[in-house]
Each structure stands twice: as structure tokens, then as C-alpha cells.
Amino acid sequence: MYDCIIVGAGPAGSTTAYHLGQQGHRVLLLDQGSVVRPKPCSGALSPRVQECFDFDLTPAIDRTLRRIRYTWKLEDEVQGELTTKEPIWLVRREVFDPFLVAQAERVGVEVQAKTPVQGVQWQGAHWQVQPPDATLEARYVVGADGATGPMADWLGFPNIKVRSAAVLVLDTEIPDAALALNFEFGWVKNACIWGFPRQQGYVLGVVNFLGKGQDLEAALRTYAQGLG
């Protein structure tokens, strides 16, 4: 029997696994897909998360930025520099996620990728977790399978309100003048668009704060053209 089974090997799951494994607990980390895979994500990270780890995160950082650029309906541009001690970190999930998983493995966490969980049940004194063709047992279970994963429902948590969003990743050359954390307001009603440069290309995203039914993908295409 495991002390803890964690479902989902993203940053939340692998971080939890690392800290439990570091304290000597027997931990199993499961993920339905490959640990190394691209994921739609803004990739922006506060450097303050380094305080939560006793190993250096910078090998997994893709770029750092201090410049922020705001626009209103693609015009009325305002730019500024962050005055914080550290710049914003930008990461690629296909690099950052496996880096954290490797740290968890280093402290003894067992990792099983491509292992979808099909159910979770409380047995009175422990949990049963059911991947295909197996039944696993643990004293504790952690659901870290994302906003659309089934764990929250299986564990009896109330439904959360989901917002509409879209993400677009573009591999392209970026001029130095465009190296900024871009935020656009007003182009999409009750929404924000962002464009963050990576070492190679951009990751663009848009999310509704209120309402639904807007063509978010069309808005991203237009915004991408505005960035050149």
C-alpha cells in the first residue's frame, strides 16, 4: 500500500509528490499521458515559487522578461518595466513538467505515465485507485488532473464555474523590440488577450471573464497579426 497516490503529473502533482517523497513517504505519481508533452498554457511563472524548492528551477526556465505592454483595442499602447527584484519567468510545459517529475523521482517517487485512472473509491480505511487492469491502494489520494479532469467529481467536490478560453502557439522569429509581456483589453468584450514571447515564438491566449459564445479563436488570429 502506498502512503499517497497522486493523479496528474503536472506542476501541482509533481510538486506534491516531491515534497512527500522527500519526507520519506511511499508515493505513486500517475498521469494519463506522456510526461513530456506540449500543453496549452501561458507559461508565465513568478520567481517566488523558487522559495518552495530546495533545488534550482532555472535550468527549466525558457526566458525572463521585465517589460510589460498594454493595449486597448490594439491601440493606445502603454509600456513599462517591472520594478520587482526578479523578472517574470516563462516556461515551456514540455520542459518544465518533466523537470519537476525528475526531481520527484530523485527522492524516490514512483512514476507511471500513460496510466489513465478509471475510478477512485474509499474503502473505509484506505483508497482504491483503478487504472486499467489493476487496483492500487493508498492511505491518501491527491487529485491534480486539471480543471477538466474527473477526480474532483469522483471525490465529491462541487462543480466549479468554467470560463471559455483559447490558446495559440506560434513558432516564429521575434524582434528584440517585441520582447514584452503583452496584454490586450477591449478587443474581446469582457475578456483579456495575452501574448508572451518564448525563445522561439509566442504563446497567445484569451479568456472570458464574463459571458460566453464569442469567437475566441478569431480574436487570437487577429491579435497575432497585430503582433506581426
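Considered as a group, the residues in segment 64-106 that are of a type in the set (D, E, K, R) and in a strand (DSSP E or B) include one that is modelled with the lowest pLDDT, and that residue is 75.
Just checking, which of 186, 149, 124, 156 is more than 30 Å from residue 227 (Cα to Cα) and touching a residue at least 40 places away in the same chain (Cβ under 8 Å)?
Numbers: 186 fails: more than 30 Å from residue 227 (Cα to Cα); 124 fails: touching a residue at least 40 places away in the same chain (Cβ under 8 Å); 156 fails: touching a residue at least 40 places away in the same chain (Cβ under 8 Å).
After applying the criteria, what remains is 149.
Taking the listed residues 132, 40, the one that is part of a loop (DSSP other than H, G, I, E, B), within 30 Å of residue 183 (Cα to Cα), at pLDDT below 95 and out of contact with any Phe, Trp or Tyr (no Cβ under 7 Å at 6 or more places or on another chain) is 40, with no other qualifying. Anything in segment 144-158 that is of a type in the set (Gly, Ala, Ser) and assigned to a loop (DSSP other than H, G, I, E, B)? List them, or say none. The answer is 144, 146, 147, 149, 156.
With the condition kept exactly as written, say whether any residue in segment 47-66 is under 27 Å from residue 225 (Cβ atoms), exposed (fewer than 15 other Cβ atoms within 10 Å of the Cβ), of a type outside the set (S, T, N, Q) and without any contact (Cβ under 8 Å) to a residue 60 or more places away in the chain. Scanning segment 47-66 turns up no residue that is under 27 Å from residue 225 (Cβ atoms), exposed (fewer than 15 other Cβ atoms within 10 Å of the Cβ), of a type outside the set (S, T, N, Q) and without any contact (Cβ under 8 Å) to a residue 60 or more places away in the chain.
Only strands (runs of 3 or more DSSP E) wholly contained in segment 159-206 count here; list those with 3 or more residues that are open to solvent by 10 Å² or more (accessible area, probe 1.4 Å), closer than 16 Å to residue 90 by Cα and of a type outside the set (S, T, N, Q).
On the way: elements: 165-170, 181-185, 191-197.
Strands (runs of 3 or more DSSP E) meeting the threshold: 165-170.
Taking segment 180-209 as the search range and keeping residues that are among the hydrophobic types (A, V, I, L, M, F, W, C) and more than 22 Å from the chain's Cα centre (by Cα), which one is nearest to residue 118 (Cα to Cα)? Full working, then the answer.
Here is the first cut: in segment 180-209, the residues among the hydrophobic types (A, V, I, L, M, F, W, C) are 180-181, 183, 185, 187-188, 191-194, 196, 203-204, 206-207, 209.
Cutting the leftovers down to more than 22 Å from the chain's Cα centre (by Cα) gives us 185, 187-188.
Values: 185: 41, 187: 41, 188: 38 Å.
For segment 180-209, the residue satisfying everything is 188.
Do we have any residue at all in segment 70-86 that's touching a helix residue (DSSP H, G or I) at 6+ places or on another chain (Cβ under 6 Å), of a type outside the set (Gly, Ala, Ser) and within 21 Å of residue 48 (Cβ to Cβ)? Among the residues of segment 70-86, at least one is touching a helix residue (DSSP H, G or I) at 6+ places or on another chain (Cβ under 6 Å), of a type outside the set (Gly, Ala, Ser) and within 21 Å of residue 48 (Cβ to Cβ), which makes the answer yes.
Pairing residues of segment 20-42 that are under 16 Å from residue 95 (Cα atoms) with residues that are open to solvent by less than 20 Å² (accessible area, probe 1.4 Å) and not in a loop (DSSP other than H, G, I, E, B), at Cβ distances under 7 Å and at least 6 apart in sequence or on separate chains, gives 35/97; 35/101; 42/196; 42/203; 42/205. Residue pairs whose Cβ atoms lie under 8 Å apart, sitting 6 or more positions apart in sequence or on different chains, and linking a residue in segment 77-90 that is within 19 Å of residue 199 (Cα to Cα) to a partner that is of a type in the set (Phe, Trp, Tyr) and surrounded by 12 or more Cβ atoms within 10 Å (Cβ to Cβ), are 90/196. Could you check, for segment 110-118, whether at least one of its residues is closer than 18 Å to residue 24 by Cα and of a type outside the set (Lys, Arg)? Within segment 110-118, one or more residues are closer than 18 Å to residue 24 by Cα and of a type outside the set (Lys, Arg).
Note on segment 207-224: residues that are at pLDDT 85 or above, open to solvent by 70 Å² or more (accessible area, probe 1.4 Å) and farther than 22 Å from residue 44 by Cα amount to 1. Go through the residues of segment 7-15 one by one and say whether even a single one is outside any strand (DSSP E or B), within 30 Å of residue 219 (Cβ to Cβ) and open to solvent by less than 20 Å² (accessible area, probe 1.4 Å). Checking segment 7-15: at least one residue is outside any strand (DSSP E or B), within 30 Å of residue 219 (Cβ to Cβ) and open to solvent by less than 20 Å² (accessible area, probe 1.4 Å).
Confirm whether residue 193 is over 30 Å from residue 29 (Cα atoms), of a type in the set (Val, Ile, Thr) and out of contact with any helix residue (DSSP H, G or I) (no Cβ under 8 Å at 6 or more places or on another chain).
Values: over 30 Å from residue 29 (Cα atoms): yes; of a type in the set (Val, Ile, Thr): yes; out of contact with any helix residue (DSSP H, G or I) (no Cβ under 8 Å at 6 or more places or on another chain): no.
When the stated conditions are applied, residue 193 does not pass them.
A single entry from 141, 111, 117 fulfils the requirement of being assigned to a loop (DSSP other than H, G, I, E, B), at pLDDT 95 or above, of a type in the set (A, V, I, L, M) and closer than 30 Å to residue 55 by Cβ: 117.
The values are calculated or read from the model by the stated rules, or taken from the named source; none is laboratory data. In this text the structure is predicted, and so the values were computed from the model without any measurement. So basically every Cβ, Gly included, is an ideal-geometry build from the backbone, and we count neighbours across all protein chains shown. Side chains included, ligands, DNA and RNA excluded: accessible areas come from the protein's heavy atoms. Shrake-Rupley method; radii C 1.70, N 1.55, O 1.52, S 1.80 Å.
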